[in-house]
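The values are calculated or read from the model by the stated rules, or taken from the named source; none is laboratory data. Just so it is clear, the model here is predicted, and its values are computed rather than measured. Neighbour counts are summed over all protein chains in view; Cβ atoms, including those assigned to glycine, are modelled from backbone coordinates with ideal geometry. To get the accessible areas, we keep the full protein, side chains included, count just its heavy atoms, and leave off ligands, DNA and RNA. Shrake-Rupley method; radii C 1.70, N 1.55, O 1.52, S 1.80 Å.
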Amino acid sequence: QVQLVESGGGLVQPGGSLRLSCAASGSIFRIMGWYRQAPGKERELVATIMRSGYTNYADSVKGRFTISRDNTENTVYLQMNSLRPEDTAVYYCNLQNTDYRNYWGKGTQVTVSS
């Protein structure tokens, strides 16, 4: 049974940093990533990372966010720097295993405000 545990959200001032973590168990994951959903908006891709290390970012976060993963620990991280108020959202971990099944975390709130 696949389990995901997200952590690292919170309140931060504009220009600040946060690091999100998503620890998984129960499978091997091809793709690990983060999505976010702001109030009144659709869920959108933030970043993904393949098992090989290949990464993909939304244009809005390029140069500010860094996704990484530890395959031995089955954990994916999202380092978020230079945060802006428009980054405020619930951030969801998304994992796709080798059977192409997708799993979602429960979400962690990130609020950027002075």
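Please find, within the stretch 11-21, the residue that is most open to solvent (accessible area, probe 1.4 Å) out of those that are under 14 Å from the mean Cα position of the chain (by Cα) and not hydroxyl-bearing (S, T, Y). Selected residue: R19.
How about the stretch 31-80: which strands (runs of 3 or more DSSP E) wholly inside it have at least 1 residues that are farther than 15 Å from N94 by Cβ and open to solvent by 40 Å² or more (accessible area, probe 1.4 Å)? The strands (runs of 3 or more DSSP E) meeting that bar are 65-70, 75-80.
Would you mind stating whether E42 is among the acidic types (D, E) and within 10 Å of the chain's Cα centre (by Cα)? No, not satisfied. Per the conditions (1) part of a strand (DSSP E or B); (2) open to solvent by 60 Å² or more (accessible area, probe 1.4 Å); (3) at pLDDT below 95, the sole criterion not satisfied by A24 is (2). Using the structure shown, decide if N94 is assigned to a strand (DSSP E or B) and open to solvent by 40 Å² or more (accessible area, probe 1.4 Å). No, not satisfied.
Any residue at all in the stretch 89-102 that's in contact with a Leu (Cβ under 6 Å, 6 or more places away or on another chain), farther than 22 Å from Q13 by Cα, at pLDDT 95 or above and not hydroxyl-bearing (S, T, Y)? Looking for residues that are in contact with a Leu (Cβ under 6 Å, 6 or more places away or on another chain), farther than 22 Å from Q13 by Cα, at pLDDT 95 or above and not hydroxyl-bearing (S, T, Y), one finds at least one in the stretch 89-102, hence yes.
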